[in-house]
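Visitor: Can you keep this structure in mind? I'll have questions shortly.
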Amino acid sequence: MNKIFEAVVRNGDQRVPVALVNLKQALEMSEKLVFEFSHPEHEAGKTDIFVGREVLQKLM
């Protein structure tokens, strides 16, 4: 899958964008922070729908 995901971290009730990544890169990101990723059915950088790492793992 060559899909691009927006990776974000939460700061209170706001999402702070930190990277645009492919699926492999998303799953390799540190687990020390709780990342959320743009939903695979929506366009990265334009959606407000985010999912956790566990949803992306199902795409492998």
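Every number in this text was worked out from the coordinates using simple rules, so none of it is lab data. Keep in mind it's a predicted model, so treat the numbers as computed, not measured. Neighbour counts run over all protein chains shown; Cβ positions are idealised from the backbone, glycine included.
Visitor: Identify all residues within segment 17-60 that are of a type in the set (Asp, Glu), more than 9 Å from the chain's Cα centre (by Cα) and farther than 17 Å from Asn2 by Cβ; write none if there are none.
Guide: Glu31, Asp48, Glu54
Visitor: Of all residues in segment 28-56 being of a type in the set (Ser, Thr, Tyr) and in contact with a strand residue (DSSP E or B) (Cβ under 8 Å, 6 or more places away or on another chain), which is farthest from Val9 (Cα to Cα)?
Guide: Applying the first criterion (of a type in the set (Ser, Thr, Tyr)) to segment 28-56 yields 30, 38, 47.
This time we only want the ones that are in contact with a strand residue (DSSP E or B) (Cβ under 8 Å, 6 or more places away or on another chain), so: 38, 47.
Numbers: Ser38: 11, Thr47: 15 Å.
It comes out as Thr47.
Visitor: May I pose another question? Taking only pairs six or more apart or across chains, which ones have beta-carbon atoms under 6 Å, a first residue in segment 8-33 that is free of Cβ contacts under 8 Å to residues at least 24 places away in the same chain, and a second residue that is among the β-branched types (Val, Ile, Thr) and in a loop (DSSP other than H, G, I, E, B)?
Guide: Nothing qualifies.
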